[in-house]
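Notes follow once the structure below has been shown.
The values are calculated or read from the model by the stated rules, or taken from the named source; none is laboratory data. Everything numeric in this text was worked out from a predicted model, so none of it was measured. Here Cβ is always computed from backbone atoms with ideal geometry, including for glycine, and neighbour counts include all displayed protein chains.
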Amino acid sequence: MTYVTDELPQVSFNEDSSYYQRPVGFFARLREDMPVSPVRMPDRGWAWVVTRSADVRTALTDPRLAKDVRRWPGGGKSRPSEAVNCHAHMLNSDPPDHTRLRRTVQGAFSSRRVAQLRPRTKEIAAGLLDAMAEERGRVIDLIDGYARPLPVTVLGELLGIPVADRAWIAIAVVDYGDRAESERVTRELAAYLTELIAAKRAEPGNDLLSALALPRDNTGGEGARDGLTSTELLSTVFQLVMAGFDTTVNLIASGTLALLTHPEEMARLREDPSLLSAAVEELLRFTTPVNYATDRFTTENVPIGDVVIPAGEWVLNALTSANRDPAQFPEPDRLDLSRDTSGHVAFGYGVHYCLGAHLARMEAEVALGALLARCPGIALAVPPEELRWRPVSLMNGLESLPVRLA
């Protein structure tokens, strides 16, 4: 049966705070009762939320669900970030523009390049764990001490962000999730990156930002400008910063929490480190660092499941829900490090599949492997029910993770 919008019950995130503290349960109810639902998003109006695994994967590959707002039915729209020229990046584009923009930077995030970063990532993890060792017996926040500085440092070195600026960058990215702060962060970060790009042109280094900033020919080689306009260059760097580490912070922190609250699985992993790669995939599925794929809109009437979504509607594909769909994963709420995780969509699906997937996987493997090896007595310092999650609709991340190192 096909339904139309006004026949469906409507749900508001603002009226259901369980979304923030337990999105898995929130989405499970939608998946069962209203698998394609109009939902009022905080501070942004209505959007359609798609919750079943098969529907999510189909929607993520449907070209009628677009990202470039110039294609909005009846006339293009604009984005607030246009005011500071950082809107023209991959996550706001459709092919062929998306293909061209992605090709410009994809070499820096290839499996070969990421493998070259692993030794340095291990050094960074070891240094952070050395500092944490001085706090044995005390309660520390694993996010501030380990889960955040590791990917921030890796990304900072990859892009060439000065060491003195990385803490500010990290705070800015977290603040961006707050709607009241996002415009300020966008404006300040765009101004900072504009100055940094100019500095890299004047004194280039051996980093990705320098490679992007310097004009190159269109050979398509790693770091080639490939015809980027100045707005596309700033937008691309902005996107790399905004998307480059916050999700990995969530994966490391939430993955650690999942292991601490499933001691039998943590013991399996300690006893058999060869499970680490598979464990990261299961932790990606189980924790899903991003609740839904970045927004798309319908360019025409689009049937999804039993619902026809009208043209000109925002659509959010719930990755957290798809990864807990029992039709795809038997006993989805059970953590099983040897599970077949093929079909999980923690990194999205289709042409917008996460550019940094190889990097995030590597960082999580290094971070979790080193933590388990160095901190055999690590334990939660508070009951799990006291932990709080960031009140951000997109991100699925803890505010803090208090632990005690024995």
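Odds and ends about this structure:
- Any hit, region 355-378, residues being touching a residue at least 24 places away in the same chain (Cβ under 8 Å), over 26 Å from ASN317 (Cα atoms), touching a strand residue (DSSP E or B) at 6+ places or on another chain (Cβ under 7 Å) and not small (Gly, Ala, Ser): yes
- Matching residues, region 381-397, being outside any strand (DSSP E or B) and in contact (Cβ under 8 Å) with a residue 24 or more places away in the chain: ALA381, PRO384, LEU387, ARG388, ARG390, PRO391, VAL392, SER393, LEU394, ASN396, GLY397
- Test result for GLU282, under 24 Å from ALA28 (Cα atoms) and either in contact with a Lys or Arg (Cβ under 6 Å, 6 or more places away or on another chain) or of a type in the set (Asp, Glu) (or both): yes
- Restricting region 244-267 to residues that are of a type in the set (Gly, Ala, Ser) and surrounded by fewer than 20 Cβ atoms within 10 Å (Cβ to Cβ), the residue that is modelled with the lowest pLDDT: ALA267
- Some residue of region 365-374 being over 22 Å from the mean Cα position of the chain (by Cα) and among the acidic types (Asp, Glu): no
- Evaluating ALA367 against the criteria (1) in a loop (DSSP other than H, G, I, E, B); (2) at pLDDT 95 or above leaves one unmet condition, (1).
- Of all the residues in region 57-80, those that are free of Cβ contacts under 8 Å to residues at least 40 places away in the same chain and either assigned to a loop (DSSP other than H, G, I, E, B) or touching a Ser or Thr at 6+ places or on another chain (Cβ under 8 Å) (or both) number 7.
- Of all the residues in region 150-162, those that are out of contact with any Gly (no Cβ under 7 Å at 6 or more places or on another chain) and either closer than 18 Å to THR194 by Cβ or without any contact (Cβ under 8 Å) to a residue 24 or more places away in the chain (or both) number 4.
- Apart from one condition, ARG187 fits all of (1) within 30 Å of LEU257 (Cα to Cα); (2) touching a residue at least 60 places away in the same chain (Cβ under 8 Å); (3) surrounded by fewer than 17 Cβ atoms within 10 Å (Cβ to Cβ); (4) of a type outside the set (Phe, Trp, Tyr); the exception is (1).
- GLU331 being surrounded by fewer than 23 Cβ atoms within 10 Å (Cβ to Cβ) and not hydroxyl-bearing (Ser, Thr, Tyr): yes
- Which listed residue, of ALA115, ALA125, ALA83, ALA88, is modelled with pLDDT under 95, at negative phi, in a helix (DSSP H, G or I) and of a type in the set (Gly, Ala, Ser): ALA83
- Residue-level check: of (1) within 22 Å of the chain's Cα centre (by Cα); (2) within 30 Å of PRO73 (Cα to Cα); (3) outside any strand (DSSP E or B), LEU316 misses just (3).
- Those residues of region 123-151 which are under 22 Å from the mean Cα position of the chain (by Cα) and either over 23 Å from TRP168 (Cα atoms) or of a type in the set (Asp, Glu) (or both), in sequence order: ASP141, ASP144
- Among the residues making up region 37-66, those that are crowded, with 22+ Cβ neighbours inside 10 Å, of a type in the set (Val, Ile, Thr) and modelled with pLDDT of 95 or more are VAL50, THR51, VAL56.
- Pairs with Cβ under 9 Å, 6+ apart, first in region 300-315 and free of Cβ contacts under 8 Å to residues at least 60 places away in the same chain, second among the aliphatic types (A, V, I, L, M) and surrounded by fewer than 18 Cβ atoms within 10 Å (Cβ to Cβ): ASN301/VAL308; ASN301/ALA311
- Filter result for the condition that a residue is over 24 Å from THR58 (Cβ atoms), surrounded by 19 or more Cβ atoms within 10 Å (Cβ to Cβ) and basic (Lys, Arg), over ARG390, ARG361: ARG361
- Applying the criterion of at least 3 residues that are in contact with a Cys (Cβ under 6 Å, 6 or more places away or on another chain) to the helices (runs of 4 or more DSSP H) found wholly in region 229-291 leaves 230-243.
- Subset of region 348-363 that is out of contact with any Pro (no Cβ under 9 Å at 6 or more places or on another chain) and in a helix (DSSP H, G or I) - its residue that is farthest from ASN291 (Cα to Cα): MET362
- Taking region 71-115 as the range and being of a type in the set (A, V, I, L, M, F, W, C) and exposed (fewer than 12 other Cβ atoms within 10 Å of the Cβ) as the test, only ALA115 passes.
- Considering residues of region 285-310 that are out of contact with any helix residue (DSSP H, G or I) (no Cβ under 9 Å at 6 or more places or on another chain) and among the polar types (S, T, N, Q) only, the residue surrounded by the fewest Cβ atoms within 10 Å (Cβ to Cβ): ASN301
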